[in-house]
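Working notes for the structure below.
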Amino acid sequence: MVKDPQVFLKDIRDYCQIVANIVSDKSPETIEKDIVRYLALLKALETIGEACKNLTEEFKESHSEIPWTQIVNFRNHTTHEYWNVRFQTVWRIATIDTPALYHKIIPLINSV
């Protein structure tokens with residue numbers, strides 16, 4: 001059963017906001033040392049990847065400005081190779097890539 005892409009787009013938007021709240025006014029050192037906050041950050045990023053994975057290929061191809069494959073690959077990496085996740089990568093994704101994704105997702109909500 002194919003779900004409405006709006007469900008996944010809104011999840012992506014919401015989890016981008018959760019990521020922003022987790023890292024807001026925090027230093028990388030604070031996040032890295034706070035295991036609960038760090039795991040919450042990873043879970044939010046994984047959920048974004050899972051939502052992206054559930055969008056149809058047709059939808060993703062029609063919105064190629066978003067790096068869907070990279071997002072899903074990161075989700076797969078954190079889930080299946082958790083021992084090899086580098087904090088610097090997580091921090092970059094949380095503070096640079098996720099805000100950029102948020103701004104690309106907003107126009108897609110309710111436009112499809």
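In region 48-98, which residues are crowded, with 18+ Cβ neighbours inside 10 Å and of a type in the set (Ser, Thr, Tyr)? Result: Thr78, Thr98. Of the residues making up region 48-66, those that are in contact (Cβ under 8 Å) with a residue 24 or more places away in the chain, under 17 Å from His103 (Cβ atoms) and not β-branched (Val, Ile, Thr) number 4.
Here Leu45 meets each of (1) exposed (fewer than 12 other Cβ atoms within 10 Å of the Cβ); (2) more than 18 Å from Ile109 (Cβ to Cβ); (3) of a type outside the set (Lys, Arg) with one exception, condition (1). Report yes if Glu58 is assigned to a helix (DSSP H, G or I) and closer than 20 Å to Asp4 by Cα, otherwise no. So Glu58 fits the description; yes. For the residues Lys43, Lys26, Lys33, the requirement of being under 15 Å from the mean Cα position of the chain (by Cα) and at pLDDT 95 or above singles out Lys43.
Using the structure shown, decide if Leu45 is without any contact (Cβ under 8 Å) to a residue 24 or more places away in the chain and within 19 Å of Ala20 (Cα to Cα). For Leu45, the condition - without any contact (Cβ under 8 Å) to a residue 24 or more places away in the chain and within 19 Å of Ala20 (Cα to Cα) - is not met. Annotation note: of Trp83, Trp91, the sole residue that is in a helix (DSSP H, G or I) and more than 13 Å from the chain's Cα centre (by Cα) is Trp83. Once region 8-30 is narrowed to residues that are of a type outside the set (Lys, Arg) and free of Cβ contacts under 8 Å to residues at least 24 places away in the same chain, the residue that is surrounded by the fewest Cβ atoms within 10 Å (Cβ to Cβ) is Asp25. Number of residues in region 31-41 that are buried (at least 16 other Cβ atoms within 10 Å of the Cβ) and among the aliphatic types (A, V, I, L, M): the value is 3.
The values are calculated or read from the model by the stated rules, or taken from the named source; none is laboratory data. Please read all numbers here as calculations on a predicted model, not as lab measurements. FYI the Cβ positions are ideal-geometry reconstructions off the backbone, even for glycines, and counts take in every protein chain you see.
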